[in-house]
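Read through the structure below, which is laid out as structure tokens, and then see the notes.
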Amino acid sequence: MRAPGSFSPDDIVVGHSARMRAIFDFVKVVSRSDSSVIITGESGTGKEVIANLLHHSSSRRHQPFVAVSCALFSENLIETELFGHERGAFTGAIKDKPGRFEMAQGGTLFLDDIDDVPLSMQVKLLRAIQNRTVERVGGTRSISVNVRVITGSKRDLKKMVAEGNFREDLFYRLNVLPIVLPPLRERREDIPLLSDFFFRRFSRARGIETPAISPAVRYAFSRYRWPGNVRELENACERIVQTCTCGTVRTGCVAAGVLFGACDPVPAASTAELSAGEAQSISLDDRLRDVESNLITWALKVSDGNKSKAAELLSIKRSTLGDRIARCGLMDTGVAEAADVAVGVPA
Amino acid sequence: MVSRDQIESVLGRVRPMMQADGGDIELVDVQGNSAHVRLTGMCAGCPSAHMTLYMGVEMALRDEIKDFEELVVV
């Protein structure tokens, strides 16, 4: 694992999907500025990695990078954690303690889980960011701080503003340069690259050869939904590297939860239950991709893996089929039979 | 009393992938509400495979079959 301070931009793999490449290029552009960045993405999509990358690509890279999760602290603790306290401010405050803002002096402060900051605290945060000064708890002195603030959020702050759970003024202060990280299931084409990277890294750490990966495992990885995103994929790879005894990663090495998840029949869009009474959010992109991957799998199956024939069946160009296979994270070769049963297409 | 068919239908979902890797999970016997299974083929001798599959399959069986009790690897 990366130790703090040993971060190098070369150490990270973002992926080669169009969306991640766009994010990567955007990071390069905004790393030159000092404006606030807000990174939105589900848990495990790599918000802190991007924050780190921003810091290390900026002119502040020789100054501290301080990351703090605002979800870790209770309402009272957040204040002392961020702004510090003076000796005697409260029982147990036996000496002066600088807050995270001061610790990041000259560098970058990454405030993750900003959506968990209570409304009362948001006012103080806004003041600190706006005036570039903090006051320690129990202190009267204003300390000026020069930090670039990057925030992370797993929820859509704009929606929270509309619902009255997030201050609009703070939102606009933070939301200067927004970066939205897609969940892993929306960039499945990056799964092989990421898993190979993790397998290599964990194998090196354990001092063993990087194991070979069976096509069935690749297939399972590409079908599974990865609700925990890249973090979950990383953990799955770590676990496999630690437990594999034969040098080849086969389905037996993969947690059954992933296997079952990969086999779950995808609800067909046409039959999906959408009740009018319920305002439940669904992802159109996810659904369309499911339909797409079901049909491609079917076409490949009935044409015995012959892509030209499969493309003909689907009335698309052969080259388009290749792109779509990659986009859906479907395997090029192997386990056609597993694919058939797993997605439940009519043969 | 759990039926063989119920268990087979759960095992059948992961079976194609295991078979693609030259392995299988074989239902040897159903005793009461418990199932006796055997891993065969490529992953048969691997203690890690026993652990990962065995635990996960048992969880899936318990999730989907109301009275299911125990998975025994023989």
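Expressed as a whole percent, the accessible surface of the protein assembly as shown that belongs to carbon and sulfur atoms is 51, based on a 1.4 Å probe.
Mean partner shielding of peptide B:41-48, defined as the number of other chain Cβ atoms within 10 Å of each residue Cβ, is 5. Straightening the chain between A:ARG239 and A:LYS317 buys 24.1 nm, computed as 0.36 nm per residue apart minus the Cα-Cα spacing.
At an R0 of 56 angstrom, the distance between the Cβ atoms of A:GLU75 and A:ASP196 translates into a FRET efficiency of 0.85. For chain A, set up a GNM with springs between Cα atoms under 10 Å and report which of A:CYS246, A:CYS70, A:CYS263 has the largest fluctuation. Answer for the Gaussian network model of chain A: A:CYS246.
When the GluC sites (Glu not before Pro) in chain B are filtered for DSSP coil states and for at most 16 other beta-carbon atoms within 10 Å of their beta-carbon, the remaining sites are B:GLU69.
For chain A, build the charge dipole from Cβ charges (+1 Lys, Arg; -1 Asp, Glu) around the Cα centre, then report which of A:VAL68, A:LEU54, A:ILE325 sits farthest towards its positive end. Looking along the dipole axis, the top candidate is A:LEU54. Only beta bridges with both residues in the protein assembly as shown are counted; by DSSP, about 35 percent of them are antiparallel. Pairs with C-alpha atoms separated by more than 30 Å, drawn from the list A:LYS159/A:LYS317; A:LYS47/A:LYS97; A:LYS159/B:LYS66; A:LYS47/A:LYS317; A:LYS124/A:LYS159; A:LYS124/A:LYS154, are A:LYS159/A:LYS317; A:LYS159/B:LYS66; A:LYS47/A:LYS317.
With each label modelled as a point 7 angstrom along the Cα→C-beta vector, the A:LYS309-B:ASP67 pair spans 4.8 nm. Less than 5 angstrom separates the built amide H of A:SER69 from those of A:ASP112, all sequence-distant by 5 or more or on a different chain.
Database remark: amide H of A:ILE179 closer than 5 angstrom to the amide H of A:ILE38, A:ILE39, A:THR40 (H placed geometrically; neighbours at sequence offset of 5 or more, or on other chains; Pro and chain starts carry no H). Note on chain B: Cα-Cα pairs beyond 18 Å make up 30% of the total pair count. Using a cutoff of 8 angstrom between alpha carbon atoms and counting only pairs six or more residues apart, the relative contact order for chain B works out to 34 percent.
Pairwise Cα distances in the stretch A:141-276 exceed 24 Å in 52 percent of cases.
Calculated on C-alpha atoms, the gyration radius of the stretch A:80-203 divided by its Kirkwood radius gives an Rg/Rh of 1.10.
Expressed as a whole percent, the proportion of Cα-Cα pairs in the stretch A:285-325 lying more than 13 Å apart is 44%. In the context of the full set of protein chains, residues of chain A present 49 Å² of accessible surface per residue (probe radius 1.4 Å, heavy atoms only). Of all the options A:VAL302, A:VAL217, A:VAL180, the one that moves most in a Gaussian network model of chain A with Cα springs shorter than 10 angstrom is A:VAL302.
One chain, two ends: A:THR140 and A:ARG206. Fully extended at 0.36 nm per residue, the span grows by 18.6 nm beyond their Cα-Cα distance. For the protein assembly as shown, the equivalent ellipsoid derived from the alpha-carbon gyration tensor has semi-axes of 46, 25, 22 Å in decreasing order.
Debye-formula intensities of the stretch A:138-198, expressed as log10 I(q)/I(0) at q = 0.27 Å⁻¹, are -1.11 (one equal scatterer per alpha-carbon, no solvent). Rounded to 0.05, the FRET efficiency of the A:VAL176 and A:LYS95 pair, given R0 = 35 Å and the Cβ-Cβ distance, is 0.45.
Whole-Hz Karplus values for the stretch A:242-252 come out as 6, 10, 5, 10, 10, x, 10, 7, 10, 4, x Hz, taken residue by residue from phi with 6.51 cos²θ - 1.76 cosθ + 1.60 and θ = phi - 60°; glycine and proline positions read x. Between A:PHE24 and A:ALA162, residue separation times 0.36 nm minus the direct Cα-Cα distance comes to 46.7 nm.
Using a 1.4 angstrom probe on protein heavy atoms only, the contact between B and A buries about 1800 square angstrom of accessible area, both sides summed. Between A:GLY139 and A:GLU86, the built amide H atoms are under 5 Å apart, and every one of these is 5 or more places off in sequence or on another chain. Along its first, second and third principal axes, ordered by size, the stretch A:19-164 spans 50, 38, 25 Å in Cα coordinates. The dipole here belongs to the protein assembly as shown: it is taken about the Cα centre, uses +1 on the Cβ of Lys and Arg and -1 on the Cβ of Asp and Glu, and is about 1740 debye. Phi-derived couplings, Karplus 6.51 cos²θ - 1.76 cosθ + 1.60 at θ = phi - 60°, listed residue by residue for the stretch A:162-171: 4, 7, x, 9, 9, 5, 5, 5, 5, 4 Hz, with x used for Gly and Pro. For A:ASP285 and A:ALA326, a Förster radius of 22 Å and the Cβ-Cβ distance give a FRET efficiency of 0.90, rounded to the nearest 0.05.
Annotation: Cα Rg of the stretch A:24-70 relative to the compact-globule expectation 2.2 N^0.38 Å equals 1.13. Taking A:THR40, A:THR245, A:THR108 as the candidate residues, the one with maximal mean-square fluctuation in a Gaussian network model of chain A, Cα springs under 10 Å, is A:THR245. Please work out the Kirkwood hydrodynamic radius for the stretch A:181-239, using every pair of different C-alpha atoms, and report it in angstroms with one decimal place. After inverting the pairwise mean of 1/r, the radius is 11.7 Å. Give me the percent relative contact order of chain A, please, defined on Cα pairs under 8 angstrom at least 6 residues apart. So the answer I get is 17 percent.
The values are calculated or read from the model by the stated rules, or taken from the named source; none is laboratory data. Here the structure is a predicted model, which means the values were calculated and not measured. Cβ sites come from the backbone with ideal geometry, for glycine too, and all protein chains shown count toward neighbours. When the accessible area is computed, the model is the full protein with side chains, heavy atoms only, and any ligands, DNA or RNA have been set aside. Shrake-Rupley method; radii C 1.70, N 1.55, O 1.52, S 1.80 Å.
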